[in-house]
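*Asks:* Structure provided below as structure tokens; questions to follow.
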Amino acid sequence: MEHKRIALVTGANKGIGLEIARQLAEAGVTVIIGSRDAGRGQAAVAELAGQGLEATSVQLDVTDETSIAAAATTIGARDGRLDILVNNAGIFDFADAAPSSASIPAVRKVLETNFIGALAVTQGMLPLLRKSAAGRIVNLSSSLGSLSVNADPSSPYFAQRYIGYNASKAALNMLTIQLTEELRDTGIVVNSVSPGFVKTDLTGYGFMTPEEGGRLPVRHALGGVDNGRFIEPDGYTPW
């Protein structure tokens, strides 16, 4: 009997995270919804159950190492391993801005969640991922995290100067690069995936639905030959 793959999606109680969880469940994966608010996580599980999809939830605040450790213990005791980690949890703060005017507390909060949180969760879950026959880590990135794109005056993103958010995604991309090399001999595959410009509570605007935005991260969570790449709907993005 083939064992079902087990996936943890952080920040999965709404938006792209919930859609990623939904699509993974539809693909037959055992999905664990990581949610900072336990009640919202349980509500997301109930929403998926209403669609005939099975999932569980775990309280997980990516900025709280005690919470991360407790979640890893829970998953380890119940499931024994982790096959897929999707580092989706992320925030945007409208006090973030160009370097000369950005709120320092806002920048600090964004970096703490989007980069350090993903690093901390990855550290906490790596012992479980190492028990997988084919572990996969998907880091949810953004075009705004590309140094090449940020430096290109012809890019539509050139004027999007949010020093905290852009730097957090650039740092997340560095995590992908360094993890790929560190884990090269383990069979664990790591990629940065930008879902595209999705309209969610985070952005308030965009031209893709969460369902459309979930497809690329799910594709790379489930398979593919790429490792250590920065991938967007149109193809590869330069770091």
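*Asks:* Please indicate, with yes or no, whether at least one residue in region 51-62 is surrounded by fewer than 21 Cβ atoms within 10 Å (Cβ to Cβ) and either more than 23 Å from Ala21 (Cβ to Cβ) or small (Gly, Ala, Ser) (or both).
*Replies:* Yes: one or more hits.
*Asks:* Would you confirm whether or not region 194-205 contains a residue that is under 30 Å from Ser101 (Cα atoms), crowded, with 16+ Cβ neighbours inside 10 Å and among the β-branched types (Val, Ile, Thr)?
*Replies:* Yes, region 194-205 contains at least one residue that is under 30 Å from Ser101 (Cα atoms), crowded, with 16+ Cβ neighbours inside 10 Å and among the β-branched types (Val, Ile, Thr).
*Asks:* Can you pull out the strands (runs of 3 or more DSSP E) entirely within region 130-239 that have at least 2 residues that are within 20 Å of Ala21 (Cβ to Cβ) and in contact with a helix residue (DSSP H, G or I) (Cβ under 7 Å, 6 or more places away or on another chain)?
*Replies:* Output list reads 136-140, 189-193.
*Asks:* Just to be sure, is Ala89 among the aliphatic types (A, V, I, L, M), modelled with pLDDT of 95 or more and under 21 Å from Ala69 (Cβ atoms)?
*Replies:* When the stated conditions are applied, Ala89 passes them.
*Asks:* With closer than 18 Å to Leu222 by Cα and polar (S, T, N, Q) as the only criterion, which of Gln23, Gln51 stands out? Before you say what the answer is, go through the steps one by one.
*Replies:* Numbers: Gln51 fails: closer than 18 Å to Leu222 by Cα.
Of the residues listed, the single one that is closer than 18 Å to Leu222 by Cα and polar (S, T, N, Q) is Gln23.
*Asks:* Another question, then. Select the strands (runs of 3 or more DSSP E) contained entirely in region 1-114, then report the ones holding at least 2 residues which are in contact (Cβ under 8 Å) with a residue 60 or more places away in the chain.
*Replies:* 6-9, 84-87
*Asks:* Across region 127-143, which residue is farthest from Gly214 (Cα to Cα) among those that are of a type in the set (A, V, I, L, M, F, W, C) and within 15 Å of the chain's Cα centre (by Cα)?
*Replies:* Kept after step one, since they are of a type in the set (A, V, I, L, M, F, W, C), are these residues of region 127-143: 128-129, 133-134, 137-138, 140.
Remaining after also requiring within 15 Å of the chain's Cα centre (by Cα): 137-138, 140.
On the way: Ile137: 15, Val138: 12, Leu140: 10 Å.
Looking at the filtered set, the residue picked out is Ile137.
*Asks:* Tell me the residue from Ser155, Ser146, Ser141 that is out of contact with any strand residue (DSSP E or B) (no Cβ under 6 Å at 6 or more places or on another chain), crowded, with 23+ Cβ neighbours inside 10 Å and either farther than 30 Å from Arg81 by Cβ or at pLDDT 95 or above (or both), please.
*Replies:* That would be Ser146, the only listed residue that is out of contact with any strand residue (DSSP E or B) (no Cβ under 6 Å at 6 or more places or on another chain), crowded, with 23+ Cβ neighbours inside 10 Å and either farther than 30 Å from Arg81 by Cβ or at pLDDT 95 or above (or both).
*Asks:* Examine region 160-177 for a residue that is at pLDDT below 95 and over 14 Å from Ile231 (Cβ atoms), and state whether such a residue exists. Give the derivation first.
*Replies:* In the first step, residues of region 160-177 are kept if they are at pLDDT below 95; the result is 160-161.
From what's left, over 14 Å from Ile231 (Cβ atoms): 160-161.
Yes, the conditions are met somewhere in region 160-177.
*Asks:* Mind telling me which of the residues Gly39, Gly15 ends up being of a type in the set (Gly, Ala, Ser) and surrounded by fewer than 18 Cβ atoms within 10 Å (Cβ to Cβ)? Write out each step before concluding.
*Replies:* Values: Gly15 fails: surrounded by fewer than 18 Cβ atoms within 10 Å (Cβ to Cβ).
Exactly one of Gly39, Gly15 is of a type in the set (Gly, Ala, Ser) and surrounded by fewer than 18 Cβ atoms within 10 Å (Cβ to Cβ), namely Gly39.
The values are calculated or read from the model by the stated rules, or taken from the named source; none is laboratory data. Keep in mind that what you see is a predicted model, and the values were worked out from it rather than measured. Every residue, glycine as well, gets a Cβ built from its backbone with ideal geometry; the counts of neighbours run over all protein chains shown.
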